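Bear in mind that the values in this text are calculations on the coordinates, not laboratory data. What you see is a predicted model, and the numbers here were worked out from it, not measured in a lab. Reconstructed Cβ throughout: ideal geometry from the backbone, glycine too, with neighbour counts over all protein chains shown.
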Amino acid sequence: MRRVLAVLLLGCMAAAGCSCTSRPDPIELTGRPLDLSEHRYEDVALAMNARAERLERLWAATIVKVWYIGQEGEEQVEQLDGDLHIIQPTNIAMSLTKVGVDGAALGANERFYWYIDLLAEDPIASIGTHARAHPDRLSELGVPVHPLDLLLLLGFSKVPEAPFAELRESRNGGYLVVAAPAAWGIVEYTVDPETYEPLRVTIRRAPGQPPVLTADMQGWLDFQDRLNPGASQVRIPQRVFIDVPELDARVSIRFLEPQVSRRRPDARAFDLGDTLSRYGVRLRRDLDVVHERLRAEEQ
């Protein structure tokens, strides 16, 4: 369970549950016939980036529900409450509790990413730097993508203004697919051709390879911009269902009260020293050193 949570938390996401206890089925995307000639990459990118700018700062209460396979091969499900703070593109922080008890905290800023296990008898913080993160090393530790790439799964990050790959129609038809570079591979956005809101986000290590992570959006919530109350309305998904194939895990995401205000997000959440002090964490695990040791063992 902790390995599954580390995958999600290092990406600074909160997943929230639907009312069901069994693992939800994958979402099928089937749209109306699409005339691709009516859409240009530049226009799609402009609309997506205008939305992303409105969502540059975000706070939301969340509930996390994770389906995973236990040690005896049986399916397990866990639900936690979360508190999510984001200032794109690098400042993200999340705390998780279960029945009022601190379970984990995570974050990232311009230099570091971290995961704090508060379920251990002695809380320990695993800390690494973006500059020294390595895909093979993190994959061995249970994280299949770069920590900041996981933020892309929420569907409101910016895409390049110039096309990274040709704009194309989705495999099942009816939707646009926009491909953009990720830190380690590519991210593909399956986009509604009318609203240009992402309905599915897929991260691959290379074009044509199987998905490393896939996120499906379901339902919509109005984002409450209390800093610019007169601005046009923008929406975020009510739920996001995330598949983690390498861990045979699935997560449902639901946001509660997504908003931005003068108080939220809280910039202190992105301060690693303040976070360690707040939780009284003394034990630290240097992920950069762990990565170097794993590399040396292979040589």
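Converting phi to 3J(HN,Hα) with the Karplus coefficients 6.51, -1.76 and 1.60 and the offset θ = phi - 60°, the range 187-197 yields 10, 10, 9, 8, 10, 5, x, 9, 9, 6, 8 Hz in sequence order, with x at every glycine or proline.
Over the range 85-134, what is the percentage of antiparallel beta bridges among all DSSP beta bridges, to the nearest 5? In the range 85-134, DSSP labels about 100 percent of beta bridges as antiparallel.
For the range 208-266, what is the relative contact order in percent, using Cα pairs closer than 8 Å and at least 6 residues apart in sequence? Write down the numbers at each step before the final one.
Values: 94 pairs, mean separation 21.5, N = 59.
The value is 36 percent.
With each label modelled as a point 7 angstrom along the Cα→C-beta vector, the R282-E194 pair spans 6.0 nm.
The length gained on full extension between Q224 and R111, counted as 0.36 nm times the residue separation minus their Cα-Cα distance, comes to 37.7 nm. Computed from point charges on the beta carbon alone (+1 for Lys and Arg, -1 for Asp and Glu), the dipole magnitude for the range 2-298 about its Cα centre is near 640 Debye.
Would you work out the Kirkwood radius for the range 2-298? I mean one over the mean of 1/r across all pairs of different Cα atoms, in Å. Mind showing how you got there, number by number?
Working: mean 1/r = 0.0508 Å⁻¹.
Kirkwood radius, the range 2-298: 19.7 Å.
As a proxy for reagent exposure, T129, T190, T97 were ordered by neighbouring Cβ count within 10 angstrom, fewest first; the result is T129, T97, T190. Charged neighbours of A182, selected by a Cβ distance under 12 Å, balance to 0 (K, R count +1; D, E count -1).
Dipole orientation for the range 142-233: of the candidates A183, Q218, P163, A183 has the Cα lying most toward the positive pole (charges on Cβ; Lys, Arg +1; Asp, Glu -1).
Tell me, what is a quarter of the convex hull surface for the C-alpha atoms of the range 92-205, in nm² with one decimal?
9.6
Relative contact order of the range 185-227: what whole-number percent is it, with Cα pairs under 8 angstrom and at least 6 residues apart? Before the final figure, lay out the partial values.
Numbers: 58 pairs, mean separation 12.9, N = 43.
For the range 185-227, the relative contact order is 30 percent.
Using C-alpha pairs under 8 Å with a sequence gap of at least 6, the mean separation divided by the residue count of the range 2-298 gives a relative contact order of 23 percent.
Residue exposure proxy: L55, L118, ordered by other Cβ atoms within 10 angstrom of their Cβ from fewest to most, comes out as L118, L55. With neighbour counts taken as other beta-carbon atoms within 10 Å, the residues W114, W220 rank, fewest first, as W220, W114.
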